[in-house]
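Visitor: Below are the structure tokens for one structure; questions will follow.
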């Protein structure tokens, strides 16, 4: 909670805000609600289709029985009580 | 398409002899793996049979551990919590691992490639099942 003071040209000055930070102002019944904007996330770059396909081809594959046991172990983990 | 491959697809794809590499190459997908898959794959390690343990290890060494993985940072965990809570309010309980995958997908603008499409629909995240 902080206080606001009306400055010139009908602007509001809010103490405690950070220079350069963006804030979201939501209208609420009887006033406004101000929150810092969530940190902007720079989208990552993934593996290209070619790089992934090459890596996938070079793997040591799982056999069906091993894959089945991994799935069963994971399912058991999800159902843990 | 930017896709996030989840653990269920990796493992089930192997069980059904599905060529995930060919599917990715044919559609020219940009591929992501995230740290939730790293945790799930390790959690699923077989412990009853040394042959299975060795094959599990070889797959890890030759593929999973070499794939660049999106980290589960604070923002991802916060988003996962929000998505899981929303799904539960709507009457759907989804495993934490899927919630973490969903959060990465939402924040990175990805489509999840998975066997468990229903889980991701419950989390309101785009998902496809290449095995269907």
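Visitor: Please compute the average number of Cβ atoms from other chains found within 10 Å of each residue's Cβ in peptide B:29-42.
Guide: 3
Visitor: Continuing with this model, one more query. Note the angle between two axes, namely the Cα long axis of helix A:64-78 and the longest principal axis of the Cα atoms of chain A, as a number of degrees from 0 to 90, rounded to the nearest 10.
Guide: On a 0 to 90 degree scale, this one is about 30.
Visitor: Now, a different point. Give the peptides A:63-69, A:6-12, B:94-100 in descending order of average Cβ contacts within 10 Å, highest first.
Guide: Put in order of decreasing packing, that is B:94-100, A:63-69, A:6-12.
Visitor: At what distance in angstrom do the alpha carbon centres of segment A:25-49 and segment B:1-73 lie from each other?
Guide: Computed from Cα coordinates, the inter-centre distance equals 31 Å.
Visitor: Sort A:34, B:3 so that the residue with the fewest other Cβ atoms within 10 Å of its own Cβ comes first and the one with the most comes last.
Guide: On the way: A:34 14, B:3 26.
The most exposed by this proxy come first: A:34, B:3.
Visitor: In addition: Determine the relative contact order of chain A: mean sequence separation of Cα pairs under 8 Å and six or more apart, normalised by residue count, in whole percent.
Guide: RCO, chain A: 13 percent.
Visitor: For residue B:77 and residue B:28, compute 0.36 nm times the residue count separating them, minus their Cα-Cα distance, and round to one decimal in nm.
Guide: Once the chain is fully extended between residue B:77 and residue B:28, it gains 14.7 nm.
Visitor: If you count, for each residue, the other Cβ atoms within 10 Å and average over each peptide, how do B:7-20, B:112-125 line up from highest to lowest?
Guide: B:112-125, B:7-20
Visitor: Quick one: if the Förster radius is 45 Å, what FRET efficiency do residue A:26 and residue B:53 give, using the C-beta to C-beta distance and rounding to 0.05? Show your work: numbers first, answer last.
Guide: Values: r = 54 Å, r/R0 = 1.20.
Efficiency, rounded to the nearest 0.05: 0.25.
Visitor: Could you tell me the relative contact order of segment B:17-108? Use alpha-carbon pairs under 8 Å, at least six residues apart, and round to a whole percent.
Guide: That works out to 30 percent.
Visitor: Which shape class applies to the protein assembly as shown: rounded if a/c is under 1.5, otherwise prolate when a/b exceeds b/c and oblate if not, where a ≥ b ≥ c are the square roots of the Cα gyration tensor eigenvalues? Could the numbers behind the result be given before it?
Guide: Numbers: a/c = 2.83, a/b = 2.21, b/c = 1.28.
Prolate.
Visitor: If you count, for every residue in B:64-77, the Cβ atoms of partner chains within 10 Å of its Cβ, what is the mean?
Guide: The mean count of partner-chain Cβ atoms within 10 Å per residue comes to 2.
Visitor: Now for a separate question. Given points 7 Å out from each Cα along the Cα-Cβ axis, report the residue A:33 to residue B:43 separation in nanometres with one decimal.
Guide: Calculated label separation equals 3.3 nm.
Visitor: Does segment B:75-132 come out rounded, prolate or oblate by the C-alpha gyration tensor, with a ≥ b ≥ c the root eigenvalues, rounded set by a/c under 1.5 and, if not, prolate when a/b is larger than b/c and oblate if not?
Guide: Details: a/c = 2.14, a/b = 1.25, b/c = 1.72.
Oblate shape, in that a/c is at least 1.5 and b/c is the bigger or equal ratio.
Visitor: Let me make sure I get this right: for chain B, a, b and c are the square roots of the gyration tensor eigenvalues over alpha carbons, sorted descending. Under 1.5 in a/c it's rounded, otherwise prolate if a/b > b/c, else oblate. Which is it?
Guide: Since a/c reaches 1.5 and a/b is larger than b/c, the shape of chain B is classed as prolate.
Visitor: Restricting to the protein assembly as shown, compute how many DSSP beta bridges are antiparallel as a %, nearest 5. Please list the in-between numbers first.
Guide: On the way: 10 of 20 bridges.
Close to 50 percent.
Visitor: On to the next question. Pairing the Cα long axis of helix B:74-89 with the longest principal axis of chain B, what angle in degrees results, from 0 to 90 and rounded to the nearest 10?
Guide: Rounded to the nearest ten degrees, it is 70.
Visitor: Per residue of B:94-100, count partner chain C-beta atoms within 10 Å of its C-beta, then hand back the mean as an integer. Don't jump to the answer; show the numbers that get you there.
Guide: Numbers: counts 1, 5, 2, 3, 1, 0, 0.
Taking the mean over all residues of the peptide, I get 2.
Values quoted throughout were computed directly from the atomic coordinates according to the rules given, and no laboratory measurement underlies them. Fair warning: this is a prediction, and the values are worked out from it, not measured in the lab. Heads up, the Cβs are rebuilt from the backbone with ideal geometry, glycines too, and the neighbour counts pull from every protein chain shown.
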